[in-house]
1. What is the spin-label model distance, in nm, from residue 293 to residue 80 if the labels are put 7 Å beyond Cα along the C-beta direction?
2. Please report, for the Cα atoms of segment 99-247, the Rg to one decimal and the Dmax as a whole number; what are they, in angstrom?
3. For the pair residue 160 and residue 118, what calculated FRET efficiency results from E = 1/(1 + (r/R0)^6), where r is the Cβ-Cβ distance and R0 = 25 Å, to the nearest 0.05?
4. Could you tell me what a quarter of the Cα convex hull surface of segment 281-408 works out to, in nm² with one decimal place?
5. Would you compute, from DSSP H runs of 4+ residues alone, the mean residue ellipticity of the chain at 222 nm, taking -39500 (n - 2.57) per run and dividing by the full residue count, rounded to the nearest 500?
6. In degrees between 0 and 90, to the nearest 10, how far off the longest principal axis of the chain does helix 198-209 point, with axes built from Cα atoms?
7. By average Cβ neighbour count within 10 Å, what is the ranking of 81-87, 213-219 from highest down?
8. Checking the a/c ratio against 1.5 first, then a/b against b/c, what shape does the Cα gyration tensor give for segment 144-197?
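Computed from the coordinates by the stated procedures, all read-outs in this text should not be read as laboratory data. These numbers come from a predicted model, not from an experiment. Cβ placement follows ideal geometry from the backbone for every residue including glycine, while neighbour counts extend to all protein chains displayed.
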Ligand SMILES: Cc1cc2nc3c(=O)[nH]c(=O)nc-3n(C[C@H](O)[C@H](O)[C@H](O)COP(=O)(O)OP(=O)(O)OC[C@H]3O[C@@H](n4cnc5c(N)ncnc54)[C@H](O)[C@@H]3O)c2cc1C
């Protein structure tokens, strides 16, 4: 019997939950989970992908956002390359545009998910436990699923970084960009946006366009814009030698990080330098024009932020003060797998880690046999490509090749 992609091998226990089994359970139906699911399914491996398809992109990204990645690096991966962004646009008669609008990307992901059919189960996984020789998953409704392998593709949601200066404010006063989807609700409000990366700068532009009174405050002395030297991208074959089509990282590094397997053999210290350089805070080159009427305060840190009635009082390191209605943190993410609430401590402490990132070997294997991680959590092992949709191709192929071998 097959329900929701899960091969049921046990009858319903009396009064208890249905016990079921799948070879590979993937937790998370974002670009990584959906792509890996498509590859495993095509290989005939029993897979079930858990989670609401594209939930992060549909519910957390700011309305009106545009993708920072180029079109060629914004397709999910399937083995025949039949379900690309272009294929979706042709099938749905959507006008191709660059940069890719958020709504198009979300609809594309939902269209892509159809190839998984009943192998996608929208329920959330609440807990994973070891259940030799595999794992037991408990779903949001109490159902239990057994899986021989588990692949965690659960994204970066729990890893939001909140600097200490903002810890004592209420959730109405301080919001992370991750929760800043509805920009229109800030119309007429004074909002301080903290940070100088794509999230902060794009949110600032969207808030300004939604009639909020915005000030961006950033520690950096100047903003960096991706693709500042655009002529370097228009020199035909020479450009291809300098940049990969994924366009992650600067000249030269961009080519290197396109080979995650090679990156995984580089000593950790150098690998970390490459990773941080490739994803340092910067905004897309179409943002400066949208920020010309936004107040930008550079080279300053917020020392203190405290509630003052309905307002927030900010004190900066130059002694100046601000009064605002809300703070929007574009302060990024810090991977720490112990913050995945579905991973119990007993399991997390057995996973070898580099400061919160799992240590992964080929096939995205963690040190717990049968437990794999893909997406941003794999970036410390395989490099910065794994932070982006462009890494879905490598992750899916590598995973399939490893799981096919180990099942044999
Ligand atoms: C503001 C912003 C802009 C970005 N722009 C780009 C861009 O332009 N191009 C690009 O390539 N990348 C971009 N990124 C990076 C982006 O996060 C990744 O590329 C992409 O989302 C990675 O896919 P994923 O599947 O690993 O994670 P996600 O897309 O986050 O998917 C993970 C999914 O897992 C689900 N999940 C979590 N826990 C559970 C559970 N217990 N049970 C079931 N499901 C669960 C979540 O709901 C989520 O839908 C951006 C990130 C941010 C924050």
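1. 5.1 nm
2. 21.4, 57
3. Values: r = 33 Å, r/R0 = 1.33.
That pair, residue 118 with residue 160, gives E of 0.15.
4. Hull-based average projected area comes out at 12.0 nm².
5. On the way: 12 runs with 99 residues, N = 408.
That calculation yields -6500 deg cm²/dmol at 222 nm.
6. Taking Cα atoms only, the helix is inclined about 60 degrees.
7. Numbers: 81-87: 16.6, 213-219: 20.7.
So the peptides 81-87, 213-219, ranked by packing, come out 213-219, 81-87.
8. Working: a/c = 2.88, a/b = 2.27, b/c = 1.27.
Judged from the Cα gyration tensor, segment 144-197 comes out prolate (a/c at least 1.5, a/b above b/c).
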